[in-house]
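Here's the structure, in C-alpha cells; my notes come after.
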Amino acid sequence: MTRPARSMIAPSSESPDSAPAWWHVELEVAEAVGALMEFWGFKRQMGRLWTVLFLSPDPLDVNALGERLQMSPSAVSLSLAELQKWGAVRKTWVTGERRDFFSVEPRVWRLVRRVLERRELVLIRDASEAFAAADGALKELRATGGDRSAIAFKRRRLAYLRALASVGDRMVRAFVAGKTVDPSELSTAEEQV
C-alpha cells in the first residue's frame, strides 16, 4: 500500500472554502450517515468517521481523520476504538509508515447483521427471560392466594409480550440470515390481547 495523498486531506490550516470541492460533499454525506448512526443508538462521530474512511480510496491516520472532521485526536481515537469493536474499522499497515492507519469494512450488510446479532437479539432474549420470570412469579402469587383476577389478567398480557418477543426473535434471525421476513406473524400474536 502506498501512503495516502496529501491532497485528500483538508488540513486545519486550510480554510473550508479553499478545500477541494469533494471535501464538502464528503462532509455532507458524513453528517447524513452520522445522523443515521445516532438514530440507531451509536455516537454521531462514529458514523462520520466510518463515512470518511468508506469514501477514501486509501487508509487514513488519526490526524487526517481529525483534520477532515474537525475532531481532536483523542475523540477520533476513542471513536475508532468503538468502531473496531464492532468490526466496522480495522488498523491497516502502510509501507514505510509507523503511524496507525485505518480502513473500513465496506460491506454495510455485514455491519448491520453484526449489530442485529450482538445487540437486538440479545435485547429480545433478555426481555423474553424477564417476561418468563415475571410469569413464574405471578404463578407463585396465585398459588399463595393472590388476587386471581388481577393475576390472570397480568399473565394474559405477559403471554402476549412473550409471543411478541418470540416472533421478534424469529423475524430478526430470519432477516440476519437473509431470509424472507413475514410481518403477519405479529398480527397473530396480537390476537392474544
Discussion item. I'm trying to understand the selection: among the residues of region 160-193, which are surrounded by 13 or more Cβ atoms within 10 Å (Cβ to Cβ) and more than 30 Å from Val112 (Cα to Cα)?
Written reply: Gln192
Worksheet entry | The listed residue being without any contact (Cβ under 8 Å) to a residue 60 or more places away in the chain, more than 30 Å from Trp40 (Cα to Cα) and not hydrophobic (A, V, I, L, M, F, W, C), out of Ser103, Ser149, Ser184, Ser166 | Ser149
Fill in: Test result for Leu65, closer than 27 Å to Met171 by Cα, free of Cβ contacts under 8 Å to residues at least 40 places away in the same chain and of a type outside the set (S, T, N, Q)
no
Practice prompt. Answer yes or no as to whether Phe153 is within 30 Å of Met171 (Cβ to Cβ), outside any loop (DSSP other than H, G, I, E, B) and among the aromatic types (Phe, Trp, Tyr).
Written response: yes
Fill in: All helices (runs of 4 or more DSSP H) inside region 1-120 with 2 or more residues being in the same structural domain as Ala174 (by TED's automatic domain parsing), at pLDDT below 95 and surrounded by 15 or more Cβ atoms within 10 Å (Cβ to Cβ)
108-115
Fill in: Pairs, first closer than 18 Å to Thr51 by Cβ and touching a residue at least 24 places away in the same chain (Cβ under 8 Å) in region 84-98, second aliphatic (A, V, I, L, M) and loosely packed, with under 15 Cβ neighbours inside 10 Å, C-beta under 8 Å, six or more apart
Thr92/Met1
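The values are calculated or read from the model by the stated rules, or taken from the named source; none is laboratory data. Because the structure is a prediction, the values reported are computed rather than measured. Cβ sites come from the backbone with ideal geometry, for glycine too, and all protein chains shown count toward neighbours.
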